[in-house]
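The values are calculated or read from the model by the stated rules, or taken from the named source; none is laboratory data. A quick note: this is a predicted structure, and the numbers were derived from the prediction, not measured. Positions of Cβ are generated from backbone atoms using ideal geometry, with glycine treated the same way; all protein chains shown enter the neighbour counts. To get the accessible areas, we keep the full protein, side chains included, count just its heavy atoms, and leave off ligands, DNA and RNA. Shrake-Rupley method; radii C 1.70, N 1.55, O 1.52, S 1.80 Å.
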Amino acid sequence: MSKEVQENIKYLIQRPKTPEIKPLMHRSVFNNSIKRDYMSNRGCHQTMGYAEVKLNHPSKFLKKHTRIVKRPFANSLKPVLTSEKYSQRCSRSPNFKEKINKIQRNFLHENIIDVIRKVPPLPRHRVQDSRNGHTMVLDEAGLEPTYVSKKNFGKTPSYIKKIIKEKEMEKLAEVDRVRAIKPPLRYIPEEERKELLKGLKSNWDELYTEFLLLPMVTDSVPKVNRKARIENELNNLERDINLLERYPSLYVCDN
């Protein structure tokens, strides 16, 4: 039976495929109205502005000062409460006066007055420092000499005045301390000066006699040293004697 099925000619002919039936796609009920609105407004922006806007007549061109908004003056504003109502409410409650003063404050009135009295700000000094258009504000960058506008510009700072005053006080204290201390120098009276001069001359005579007694030939080191020592002492005595004879008034240190 299977062989008969295989040998049947009707199975050699290719059978057409049955088409697959898909369910219907969902369509909105507003689809037609949306298409209609889209097609109606499709070309409304093809010109500059909306096509349905009517243009002004050439005689009605834009004139100067036609867009200025006229604001109310500060004097035209009236208080919230009248004097009669204010007195009646004040008589009812004692704390109402404080409350009504807060409520009666008209911020619009205050803002208008502040704007009228406000000084317009000065333009900021900007500098373009690159070819790409980068700008820099000089006062924010520290390149504007704003320090010359300070009140204390060119005046001595207070801390330097304090330091100078402290140094002056230290100098005065040092002078007072030096005056309180005993002076280090002492004046030599005339009699003491004559005694010193007499003693120096007697010492010089003794050394000079010793110098004359030195041998003529100094052939050893001790002789050379002795001669040099005596010459040095003679020179010192001569210098001291000359000082006492030239200056009658002398001061010496006790130490």
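In the range 115-133, what residues are of a type outside the set (D, E, K, R) and either under 15 Å from residue 144 (Cα atoms) or without any contact (Cβ under 8 Å) to a residue 40 or more places away in the chain (or both)? Within the range 115-133, 115, 119, 120, 121, 122, 123, 125, 127, 128, 130, 132, 133 meet the criteria. Take the conditions without any contact (Cβ under 8 Å) to a residue 24 or more places away in the chain and not aliphatic (A, V, I, L, M) and apply them to residue 233. Does it pass? No: the conditions fail for residue 233. Of note, residue 201 satisfies the criterion of being in contact with a helix residue (DSSP H, G or I) (Cβ under 9 Å, 6 or more places away or on another chain) and farther than 30 Å from residue 126 by Cβ.
Per the listing 243, 213, the residue uniquely surrounded by 12 or more Cβ atoms within 10 Å (Cβ to Cβ) and at pLDDT below 90 is 243. For the range 182-207, a tally of residues being surrounded by fewer than 13 Cβ atoms within 10 Å (Cβ to Cβ) and aliphatic (A, V, I, L, M) returns 1. For residue 126, the conditions (1) modelled with pLDDT of 80 or more; (2) touching a helix residue (DSSP H, G or I) at 6+ places or on another chain (Cβ under 8 Å); (3) over 30 Å from residue 245 (Cβ atoms); (4) open to solvent by less than 100 Å² (accessible area, probe 1.4 Å) all hold with the exception of (4). If residue 251 satisfies every condition in (1) in contact (Cβ under 8 Å) with a residue 40 or more places away in the chain; (2) in a helix (DSSP H, G or I); (3) open to solvent by 60 Å² or more (accessible area, probe 1.4 Å) but one, which is the exception? Residue 251 satisfies all of (1) in contact (Cβ under 8 Å) with a residue 40 or more places away in the chain; (2) in a helix (DSSP H, G or I); (3) open to solvent by 60 Å² or more (accessible area, probe 1.4 Å) except (2). Being within 22 Å of residue 245 (Cβ to Cβ) and not acidic (Asp, Glu) is a condition met by at least one residue of the range 177-186.
Return yes when residue 159 is under 30 Å from residue 246 (Cα atoms), outside any loop (DSSP other than H, G, I, E, B) and either open to solvent by 100 Å² or more (accessible area, probe 1.4 Å) or of a type in the set (D, E, K, R) (or both) and no when it is not. No, not satisfied.
Only residues that are touching a residue at least 12 places away in the same chain (Cβ under 8 Å) and outside any helix (DSSP H, G or I) were counted across the range 203-230, and they come to 1.
Given the criteria of a type in the set (Val, Ile, Thr), over 17 Å from residue 240 (Cα atoms) and in contact with a helix residue (DSSP H, G or I) (Cβ under 8 Å, 6 or more places away or on another chain), does residue 218 qualify? Considered against the rule, which asks whether it is of a type in the set (Val, Ile, Thr), over 17 Å from residue 240 (Cα atoms) and in contact with a helix residue (DSSP H, G or I) (Cβ under 8 Å, 6 or more places away or on another chain), residue 218 comes out as yes.
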